[in-house]
Amino acid sequence: SAVLDEDREYRVQLPESYGGAKDRRYPVLYLLDGQTHFSHTASSVAFLAAQGEIPEMIVVGIESTVRIRDFTPTDWPGRWV
């Protein structure tokens with residue numbers, strides 16, 4: 001991230017039909033706190049898409065490096081370390 005001046009790890013789940021779909025476009029779900037919520041979110045997306053409840057989509061889980069800074073609205077930068 002150029003804005004945060006740090007590297008971020010991420011995880012990606014592609015829909016089952018992704019490999020054979022050359023011209024198809026998919027919605028993308030960007031998930032913050034990917035290390036904590038990726039597995040159950042990606043599983044839920046796959047299940048709901050298989051049931052026809054939501055469209056197939058790409059799930060991208062972005063991992064956090066400092067949770068209190070990333071997910072807590074605060075003006076206490078001293079607590080971010």
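Read-outs throughout are calculated quantities, based only on the coordinates presented, and are distinct from any laboratory measurement. This one's a predicted model, so the numbers in the text were calculated from it and none came from an experiment. Cβ coordinates were reconstructed from backbone atoms using ideal geometry, including for glycine residues, and neighbour counts include every protein chain displayed.
Brief remarks on what is shown
- Estimated inter-spin distance, LEU32 and VAL12, nm [label 7 Å along Cα→Cβ]: 2.3 nm
- Cα-projected label distance for ARG69 with LEU4, points at 7 Å along beta-carbon direction, nm: 0.8 nm
- Ranking GLY34, ALA50, GLY19 by how far each Cα lies toward the positive end of the dipole of segment 12-56 (charges on Cβ) leaves GLY19 at the top.
- For the chain, a crude dipole built from +1 on the beta carbon of Lys and Arg and -1 on the beta carbon of Asp and Glu, taken about the Cα centre, is about 100 debye to the nearest 20.
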